[in-house]
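S.K.: Take a look at this one; I'll ask things after.
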Amino acid sequence: MCLIAWNWQPASATPLLLIGNRDEFYARPAEPLHHWPDAPILAGRDVQAGGTWLGVGPGGRVAALTNFRSAVPTNTQARSRGQLVTDFLQSPLDATSYLRSLQAQANAYNPFNLLVFDGHTLLGLESRGARIVTLPPGLGAVSNADFNTPWPKLRQLRQGLADCVARGETEDEHLWPLLQSRTLAKEEDLPHTGVALDLERALSAVFIATPSYGTRACSVVRVGTHSVQFGEQCFGADGALGATSAPLDMAVVP
């Protein structure tokens with residue numbers, strides 16, 4: 001994932017509503033949202049490394065990952081960050097314990113942000129400082145910088161979600177347009193992450209579309225008190241590829 005926003009309301013009938021986009025090179029193969037045959041996970045799957053960017057597991061566990069954008073070259077020998085999501089979804093540890101166990105080895109991966117929900121607690125981990133981030137109830141977001149860093153597209157998506165929540169319009173048809181906005185930020189509002197200006201501008205949209213890289217999946221996850229609903233729309237270089245919606249009964253391990 002490269003952009004995630006959420007509304008966490010612990011005492012409500014839908015404790016967690018999460019929306020987000022996965023941005024990736026079109027050439028990197030991936031499987032769409034499905035129940036994995038070899039693990040109790042509902043997620044899309046990165047074919048190259050075997051992990052995922054966003055998934056749901058037993059008991060309504062949710063994990064999502066973003067990378068950290070910089071001009072520093074990727075370490076090709078580092079562990080796969082997508083494995084962090086699958087590890088948490090299958091872990092017996094609560095969110096706090098899992099992230100504490102991960103802190104000492106965070107630098108074994110290329111820089112990332114990890115969002116985890118164990119059914120009760122929502123937490124984040126910023127790998128650069130191995131810092132656990134306490135996320136209070138309400139609206140929040142993360143992109144390719146620290147949690148809640150006010151990049152234009154993060155502010156846009158978080159505000160769009162806030163407006164939908166305020167109006168009581170949180171069905172899929174209200175949320176997909178938020179994730180598919182191609183509005184570019186003004187040059188004076190762009191972050192400075194070390195990449196070329198033209199690329200920085202292209203990456204400033206909620207939904208990215210360049211010739212070789214762009215938004216590959218838009219996702220909506222609703223964690224209810226007894227079940228989870230996960231919807232995904234997939235995209236390629238030539239446009240939409242299809243949509244999938246799958247439920248998960250918390251009492252049943254897929």
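S.K.: Got at least one residue in segment 154-165 being small (Gly, Ala, Ser), modelled with pLDDT under 95, more than 30 Å from Gln77 (Cβ to Cβ) and touching a strand residue (DSSP E or B) at 6+ places or on another chain (Cβ under 8 Å)?
M.R.: No, the conditions are met nowhere in segment 154-165.
S.K.: Another question, if that's okay. With respect to Leu42, is the statement that it is within 17 Å of Pro136 (Cα to Cα), out of contact with any Cys (no Cβ under 8 Å at 6 or more places or on another chain) and not aromatic (Phe, Trp, Tyr) true? Reasoning before the result, please.
M.R.: Values: within 17 Å of Pro136 (Cα to Cα): no; out of contact with any Cys (no Cβ under 8 Å at 6 or more places or on another chain): yes; not aromatic (Phe, Trp, Tyr): yes.
The answer is no for Leu42.
S.K.: Going through segment 163-176 one residue at a time, which ones are surrounded by 14 or more Cβ atoms within 10 Å (Cβ to Cβ) and free of Cβ contacts under 8 Å to residues at least 40 places away in the same chain?
M.R.: Filtering segment 163-176 for residues surrounded by 14 or more Cβ atoms within 10 Å (Cβ to Cβ) gives 164-165, 170, 172, 174-176.
Of everything in segment 163-176, those that are surrounded by 14 or more Cβ atoms within 10 Å (Cβ to Cβ) and free of Cβ contacts under 8 Å to residues at least 40 places away in the same chain turn out to be Cys164, His174.
S.K.: Has segment 70-87 got any residue that is in contact with a Lys or Arg (Cβ under 9 Å, 6 or more places away or on another chain) and either hydrophobic (A, V, I, L, M, F, W, C) or open to solvent by 40 Å² or more (accessible area, probe 1.4 Å) (or both)?
M.R.: Taking every residue of segment 70-87 in turn, none turns out to be in contact with a Lys or Arg (Cβ under 9 Å, 6 or more places away or on another chain) and either hydrophobic (A, V, I, L, M, F, W, C) or open to solvent by 40 Å² or more (accessible area, probe 1.4 Å) (or both).
S.K.: For segment 95-103, state whether one or more residues are of a type in the set (S, T, N, Q), closer than 22 Å to Leu17 by Cα and in contact with a strand residue (DSSP E or B) (Cβ under 8 Å, 6 or more places away or on another chain).
M.R.: Checked segment 95-103: at least one residue is of a type in the set (S, T, N, Q), closer than 22 Å to Leu17 by Cα and in contact with a strand residue (DSSP E or B) (Cβ under 8 Å, 6 or more places away or on another chain).
S.K.: Go through segment 211-230 and give me each residue that's surrounded by 15 or more Cβ atoms within 10 Å (Cβ to Cβ) and assigned to a loop (DSSP other than H, G, I, E, B).
M.R.: Answer for segment 211-230, where residues must be surrounded by 15 or more Cβ atoms within 10 Å (Cβ to Cβ) and assigned to a loop (DSSP other than H, G, I, E, B): just Gly224.
S.K.: Quick one: Asn148 ticks every box in (1) in contact with a strand residue (DSSP E or B) (Cβ under 9 Å, 6 or more places away or on another chain); (2) open to solvent by 50 Å² or more (accessible area, probe 1.4 Å); (3) at negative phi except a single one, so which number is it?
M.R.: If we test Asn148 against (1) in contact with a strand residue (DSSP E or B) (Cβ under 9 Å, 6 or more places away or on another chain); (2) open to solvent by 50 Å² or more (accessible area, probe 1.4 Å); (3) at negative phi, just (3) comes out false.
S.K.: Take the residues in segment 105-120 that are surrounded by 15 or more Cβ atoms within 10 Å (Cβ to Cβ) and farther than 19 Å from Thr193 by Cβ, then tell me which one is modelled with the lowest pLDDT. Working first, answer last.
M.R.: Just the residues of segment 105-120 that are surrounded by 15 or more Cβ atoms within 10 Å (Cβ to Cβ), to begin with: 106, 109-119.
From what's left, farther than 19 Å from Thr193 by Cβ: 106, 114-119.
Values: Ala106: 96, Leu114: 98, Leu115: 98, Val116: 98, Phe117: 98, Asp118: 96, Gly119: 93.
For segment 105-120, the residue satisfying everything is Gly119.
S.K.: Does segment 231-251 include one or more residues that are part of a loop (DSSP other than H, G, I, E, B), of a type in the set (Gly, Ala, Ser), open to solvent by 70 Å² or more (accessible area, probe 1.4 Å) and modelled with pLDDT under 95?
M.R.: yes
S.K.: Are there strands (runs of 3 or more DSSP E) fully within segment 1-109 with at least 2 residues that are touching a helix residue (DSSP H, G or I) at 6+ places or on another chain (Cβ under 6 Å)? List them.
M.R.: The qualifying strands (runs of 3 or more DSSP E) are 3-8, 16-25, 54-57, 61-67.
The values are calculated or read from the model by the stated rules, or taken from the named source; none is laboratory data. In this text the structure is predicted, and so the values were computed from the model without any measurement. When we count neighbours, we look across all protein chains shown, and the Cβ atoms used for this are built from the backbone with ideal geometry, even at glycine. Please note that ligands, DNA and RNA were not included when accessible areas were found on the heavy atoms of the full protein model with its side chains. Shrake-Rupley method; radii C 1.70, N 1.55, O 1.52, S 1.80 Å.
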